[in-house]
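The structure under discussion appears below in the form of structure tokens.
The values are calculated or read from the model by the stated rules, or taken from the named source; none is laboratory data. Every value quoted in this text rests on a predicted model; they were computed, and no experiment measured them. Virtual Cβ from ideal backbone geometry, glycine too; neighbours counted across all protein chains shown. What goes into the accessible areas is simple: the full protein's heavy atoms, side chains included, and nothing from ligands, DNA or RNA. Shrake-Rupley method; radii C 1.70, N 1.55, O 1.52, S 1.80 Å.
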Amino acid sequence: MLLKNVNKHYGELHVLQNINLEVARGEVVVVIGPSGSGKSTLCRAINRLETIDDGEIRIDGVKLPAEGKALAKLRADVGMVFQSFNLFAHKSILENVTLGPIKVKGMKSAEAKELAMSLLKRVGVDNQAQKLPAQLSGGQQQRVAIARALAMQPKVMLFDEPTSALDPEMINEVLDAMVTLAKEGMTMIVVTHEMGFARKAADRVIFMDGGQIVEEATPEEFFTNPQSNRAKDFLGKILAH
Amino acid sequence: MDNFLSLFETYDVAGAFWVNIQLTFWAAIWSFILGTILALMRISPIASLQWFGAAYVNIFRNTPLTVIIAFGVLGLWGQLNVVLAEDFQVNFLRLAILGLSIYHAAFVCEAIRSGVNTVPLGQAEAARAIGLSFLPAARLIILPQALRGAVAPLGNVLIALTKNSTVAFAGSVIESSNLMKEMIEFRGDLVIPIFFIFAMGFVIIVVPIGLLTTWLSRKLAVAR
């Protein structure tokens, strides 16, 4: 995956400034930075939930289409996990996971069900399959959201602050599912404030501030020896406690 | 009291109300279909469709229903020779249903749009993120939730439609308000009871609709 000179403005605000980023297959990239640094926007731009003003984004060498069927097809290849889970509220857990394979990929219902159950089992919520999203805890819902994204057999998974809306005791169950996924070789871009996850699972850490990529390093380097003052300042604030 | 009861023997009150029920039933179905299509246009990503939907709503919502119904008979049938049925009365009935549907579709559209506003943006984003394009996302994710959120406002449209079906009078349909006028003409001595009969008739039809939609809107509410 390749991002080249990507720019985006919200009115006066230049939220993404000349972003250049390359992510190799199987690589796990963690994006960190203060609120408003553009990291979520970056994540959402990759499957075009946010449009960009200029520059280009390529996935597997194919330029991100602007709209229509081609865009829908690309999105099917890019899994997305949201901060607020966004499970389909009127559908059961099982239906949430089977919907994409059946309606987008044309998979047979029985086959999709089997796939969904194996994915739900993998994230440990297979015993909740018949319930509605609102009946599950936040951590369980987010794990279902991961299963829903995986059901499309995506080439890359995007995580937009997946644990920020969770109670503290539920964060680990979601992070564990993500660590497992990373170990299995999934290409991942993770926007998060969980430094533990970055240390454990990331191949590379990207630090963003003010719409720019300020620093790029391995987790080891970044946490022990940050180069930029802004990164030092940021780490100082969050690691002090 | 005997006088009062004799009204029911002389005049077919139930038959007249039956015409209103038919008008309401068919206009409800057609306006729901048309209103849903209009709502889809208004929330679609295509600017020209959005424009058309908004223009339709603003034109028909702001035109008096009497004008639309009268146009059905005087304009569509009288001038343009639009015939929806061979039978004279059935033709007028269908023209009135057409007018009622076109008018109330604007309100149905807005009721559904208010329902769409109850669906969090994240639902549409998640639908797009798994690769659904606009129409499948609308059909599978947005509309099912929006309609559940729109039950109460849709019920209000249906209640208004039921009572507005008396405007079919202006389209030469013989229905309850038509019969009421006739009864008052011949039995002026019973004018108060006659008003009472027709007022109660509509209350009996409309109250269950209100109760039903209130119950449905609770039962179908989407848990979040």
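Could you state the principal axis extents of the C-alpha atoms in the stretch B:27-66, from the largest down, to the nearest angstrom?
The principal-axis extents, from largest down, are 33, 21, 9 Å.
In a solvent-free Debye calculation with one equal scatterer on each Cα, what is log10 I(q)/I(0) for the stretch A:148-241 at q = 0.12, 0.21, 0.24 Å⁻¹, listed in the order of the q values?
After summing over all Cα pairs, the log10 values are -0.41, -1.17, -1.38.
Given 10 Å bins starting at zero, what is the percent of C-alpha pairs of the stretch B:62-108 in each, up to the one with the largest pair distance?
Each 10 Å bin holds this share of Cα pairs: 29, 54, 16, 1.
Could you tell me whether the stretch A:91-203 comes out rounded, prolate or oblate from its Cα gyration tensor? Rule is a ≥ b ≥ c as square roots of the eigenvalues, rounded for a/c under 1.5, then prolate if a/b exceeds b/c, otherwise oblate.
Oblate, because a/c is 1.5 or more while a/b does not exceed b/c.
Based on a Kirkwood Rh over C-alpha pairs, give the Stokes-Einstein translational diffusion coefficient of the stretch A:135-177 at 10 °C and viscosity 1.306 mPa s in µm²/s.
Reported coefficient: 147 µm²/s.
When the helices in chain B are scored as -39500 (n - 2.57) per DSSP H run of 4 or longer and the sum is shared across all residues, what 222 nm value do you end up with, to the nearest 500 deg cm²/dmol?
Helix contribution divided over all residues of chain B: -24500 deg cm²/dmol.
Give me the tail of P(r) for the protein assembly as shown as a percent: Cα-Cα pairs with distance above 34 Å.
50
Using only C-alpha atoms and all pairs of different ones, pull out the Kirkwood radius for chain B in Å with one decimal.
When all Cα pairs of chain B are included, the Kirkwood radius is 19.3 Å.
Relative to the isolated chain, which residues of the stretch A:80-97 have their accessible area cut by 40 Å² or more in the presence of all protein chains (1.4 Å probe, heavy atoms, no ligands or nucleic acids)?
When all protein chains are present, A:ASN86, A:PHE88, A:ALA89, A:HIS90 each give up 40 Å² or more of accessible surface.
Please report the relative contact order for chain A, taking Cα pairs under 8 Å with a sequence separation of at least 6, and give it as a percent rounded to a whole number.
Relative contact order, chain A: 27 percent.
Counting only trypsin sites (Lys or Arg not before Pro) that sit in a DSSP loop (anything but H, G, I, E, B) with at most 12 other Cβ atoms within 10 Å, what is the longest stretch of chain A containing none of them?
Answer from the scan: A:109-241.
Based on the alpha-carbon set only, what is the convex hull volume of the stretch B:11-78 divided per residue, in Å³?
Looking at the stretch B:11-78, the number lands at 109 Å³ per residue.
Return the carbon/sulfur percentage of the accessible area of the stretch B:1-62, one whole number, probe 1.4 Å, all protein chains in place.
Exposed carbon and sulfur together represent 71 percent of the surface.
Quick query: amide H of A:VAL81 versus all other amide H atoms, modeled in the peptide plane; which residues come in under 5 Å with a sequence gap of 5 or more or a different chain?
Close amide H contacts, sequence-distant or interchain: A:LEU158, A:PHE159, A:ASP160.
If you average the sequence gap of Cα pairs under 8 Å that are 6 or more apart and divide by the length of the stretch B:48-130, what percent do you get for the contact order?
Normalised by residue count, the contact order of the stretch B:48-130 is 36 percent.
Please sort by residue number the chymotrypsin sites (Phe, Trp or Tyr not before Pro) in the stretch B:1-31 whose DSSP state is loop and whose Cβ has at most 12 other Cβ atoms within 10 Å.
none
With an 8 Å cut-off on Cα pairs and a minimum separation of 6 or more residues, tell me the relative contact order of chain B in percent.
RCO, chain B: 27 percent.
Write down the accessible area per residue of the protein assembly as shown in Å², having rolled a 1.4 Å probe over the full set of protein chains.
48
What nm value, rounded to one decimal, do you get for the distance between B:LYS181 and B:VAL90 when each label is placed 7 Å out toward the C-beta?
Inter-label distance under the simple model: 2.5 nm.
Grab the eigenvalues of the alpha-carbon gyration tensor for the stretch B:178-224, scale each by 5, take roots, and send me the semi-axes largest first in whole angstrom.
39, 8, 5
Take the Cα radius of gyration of the stretch A:8-68 and divide it by 2.2 N^0.38 Å, with N its residue count; two decimals is plenty.
1.16
Sorted from largest down, what three extents in whole angstroms do the Cα atoms of the stretch B:111-224 have along their principal axes?
70, 29, 15
Report the A-B buried area as the accessible area lost on both sides summed, probe 1.4 Å, in Å² to the nearest 100.
Buried: approximately 1800 Å² between B and A.
What is the Å³ per residue value for the convex hull set by the Cα atoms of the stretch B:145-192?
Once divided by residue count, the hull of the stretch B:145-192 is 81 Å³.
Report, to one decimal in Å, the Kirkwood hydrodynamic radius for the stretch A:1-152 based on all distinct Cα pairs.
17.0
Can you give the three extents of the C-alpha atoms in the stretch B:20-125 along their principal axes, from longest to shortest, in whole Å?
On the principal axes, the stretch B:20-125 reaches 53, 28, 21 Å in Cα extent.
According to the square roots a ≥ b ≥ c of the eigenvalues of the Cα gyration tensor, what is the shape class of the stretch A:64-119, taking rounded for a/c under 1.5, prolate for a/b larger than b/c otherwise, and oblate for the remainder?
oblate
Where does the stretch B:104-169 land on Rg/Rh, using Cα atoms and the Kirkwood Rh?
Value, to two decimals: 1.15.
Calculate what fraction, in whole %, of the accessible area of the stretch B:173-224 sits on carbon and sulfur atoms when a 1.4 Å probe is rolled over the protein chains.
74
Expressed as a whole percentage, what fraction of the accessible surface of the stretch A:39-107 belongs to carbon and sulfur atoms when a 1.4 Å probe is rolled over the protein heavy atoms?
46
Treat every Asp and Glu Cβ in the stretch A:188-241 as -1 and every Lys and Arg Cβ as +1, leave all other atoms uncharged, and give the resulting dipole magnitude about the Cα centre to the nearest 20 debye.
For this selection, approximately 140 debye.
Tell me, which residues of the stretch A:37-52 get at least 50 Å² less accessible area when the other protein chains come in, versus the chain alone (1.4 Å probe)?
Buried-area filter returns A:LEU49.
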